[in-house]
Structure formats: structure tokens, C-alpha cells
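Just so it is clear, none of the values below were taken in a lab; they were calculated from the coordinates. A quick note: this is a predicted structure, and the numbers were derived from the prediction, not measured. Every residue, glycine among them, receives a Cβ derived from its backbone with ideal geometry; neighbour counts consider all protein chains shown.
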Amino acid sequence: MMQKTRAVVLHQLKYSETSIIVTMYTEAFGRQSYIINGIRSTKSKQKAGLLQPLFLLEMEAYHKEGRELQRVKEFSIAHIYNNIPFDVMKSSIVFFLAEIMNKTIRNEEPDKPLFSFLWNSLIELDLLKEGVANFHLWFLLQLLGYLGIKPNNNHSEANQWFDLKNGQFLVSKPLYPGSPNPGDSKRIAEILKIENPAQLSTLALNRQNRLALLDIIIEYYTVHFDKIGKINSLEVLNELFT
């Protein structure tokens, strides 16, 4: 059955000399993989350059339940980024987030709140002028809510220690190794309070803070997602904060 849907590109893989397999998170079908034949050919009318990580598309696709690979009839850019492709910080953040999302968003059923969060947050990142260096920290913590494992922000003067395993703040240091200190725990709580990227510039974080917080958040993902594995884009992102 042919259907139209919006989609966020997560990952692409070379399939043959002229074809690729693209994994997308779609509004209508959730996570799906599509084979696009002939797109790497010089004669192709479709542009492979439109399938970059986290690009926002409109597409028409053949969808059959239970099929491992779906097929795309045609696609186009739904929202043109003005800054992300040309801003080193933003483009590095996008590649990093795409890798995390590709490893963690597995649901092949539509989830409109999740899709709206992804779509709108990426548009906000493109427009964001201040607080860009904090965006990935905020995004990853917000994404946890849509994945069903967002930490309980019960931080207080008494509850100063963030428990990576149970996702809450404790009175005493958690037994889980590598648990963040009270200072970093407080910063996690501050980011959890932020509802809109426009507020990210209010965070008083330096580069050392960001590196420490990113390690904590990635460890949280590692604890709660099996086989997340090595994050290849992390090294490039960390270089921006050195």
C-alpha cells in the first residue's frame, strides 16, 4: 500500500554500487528501513545528499506490514535547514544524536508524541543562537522520557546524589560505580527542568562540565539499553569541548 509520511533520517548504509538502505523514524510507521535502488547512479532523479542524518523529509513509500525492507517511491526535503549543515557545532551534534537514536529507537509502531519531539527539536536546534553547546545534553535527557526511562527529578538539598541505575536522586552515594558527585547531580537536575531549548543559554556550564555530564548521560543510556556499544561519533563531539 502506498502512503505518504514525514520522516527523520537516522542512518544509511551502502547496499550495492548504486543502491542504499536508509533507516528512518517515520510519523506513520515508526522506525522503518527502506531500500532505495539506483540512487547512487549518475542518472538518478533522487538525490542521495538529501538523506543525511536527521534531515527532515516528506516521502511516498510502499508499506507492507512485517516486511524487513520497505521501498520508497519518492522523497523530498520537508524542512530546509538554514544552519545545521554549515555550523560545525550543530552538524557534529546532529551526527552524534543520530547515532544514539539509531541505537535506541527501535519501535516499529507509530508514536506521534515522539515523532513531534524529534521533528520540532531539530527545527529548534537549527534556529538556536545561544546555548547550542548544551543542546545535546538536554535532548538526550528529554528523549529518555519518550523511551520510557526518564529519571525522576526529585533532586533536593537532601537528595543530592543521582542514581544511574534507578534514575532518581538519593540521600547518600549510590552503590553503582561511577555515580556522579553532588555537583554534577545538581546539573543533571537543572537540565531536566528545562522544557524548551530557548532556555539552554541559562545553564552555567563550562566545557569541563559538559564533558562530565555527557559521560554521565551516556552511562545512563548504557545501563538502561542492552548492547548500545561504542558510539563512534562521540570522539568528534568531545573534540569540540577541548
Item to complete: Return yes or no: is residue 49 out of contact with any helix residue (DSSP H, G or I) (no Cβ under 8 Å at 6 or more places or on another chain) and in contact (Cβ under 8 Å) with a residue 60 or more places away in the chain?
Response: no
Worksheet item: Filter region 161-203 for residues that are outside any helix (DSSP H, G or I) and touching a Gly at 6+ places or on another chain (Cβ under 9 Å); which is farthest from residue 221 (Cα to Cα)?
Response: 203
Discussion item. Residue 235 - would you say it is among the acidic types (Asp, Glu) and outside any helix (DSSP H, G or I)?
Written reply: no
Worksheet item: Which residue pairs have Cβ atoms under 9 Å apart, sit 6 or more places apart or on different chains, and have a first residue in region 1-28 that is within 17 Å of residue 118 (Cβ to Cβ) and a second that is of a type in the set (Asp, Glu) and assigned to a strand (DSSP E or B)?
Response: 5/58; 5/60; 6/58; 7/58
Practice prompt. Find the helices (runs of 4 or more DSSP H) located wholly in region 86-156 whose residues include 1 or more that are in contact with a strand residue (DSSP E or B) (Cβ under 9 Å, 6 or more places away or on another chain) and crowded, with 16+ Cβ neighbours inside 10 Å, and list them.
Written response: 88-104, 112-127
Practice prompt. Report, ordered by the first and then the second residue, all pairs with beta carbons closer than 8 Å, sequence separation of six or more or different chains, a first member in region 174-203 that is of a type in the set (Asp, Glu), and a second member that is surrounded by 13 or more Cβ atoms within 10 Å (Cβ to Cβ).
Written response: 184/162; 184/209; 184/212; 184/213; 184/216; 190/203
Practice prompt. Out of the residues in region 22-42 that are out of contact with any Ser or Thr (no Cβ under 6 Å at 6 or more places or on another chain) and more than 25 Å from residue 143 (Cα to Cα), state the one that is surrounded by the most Cβ atoms within 10 Å (Cβ to Cβ).
Written response: 36
Worksheet entry | Filter result for the condition that a residue is without any contact (Cβ under 8 Å) to a residue 40 or more places away in the chain and assigned to a strand (DSSP E or B), over 71, 31 | 71
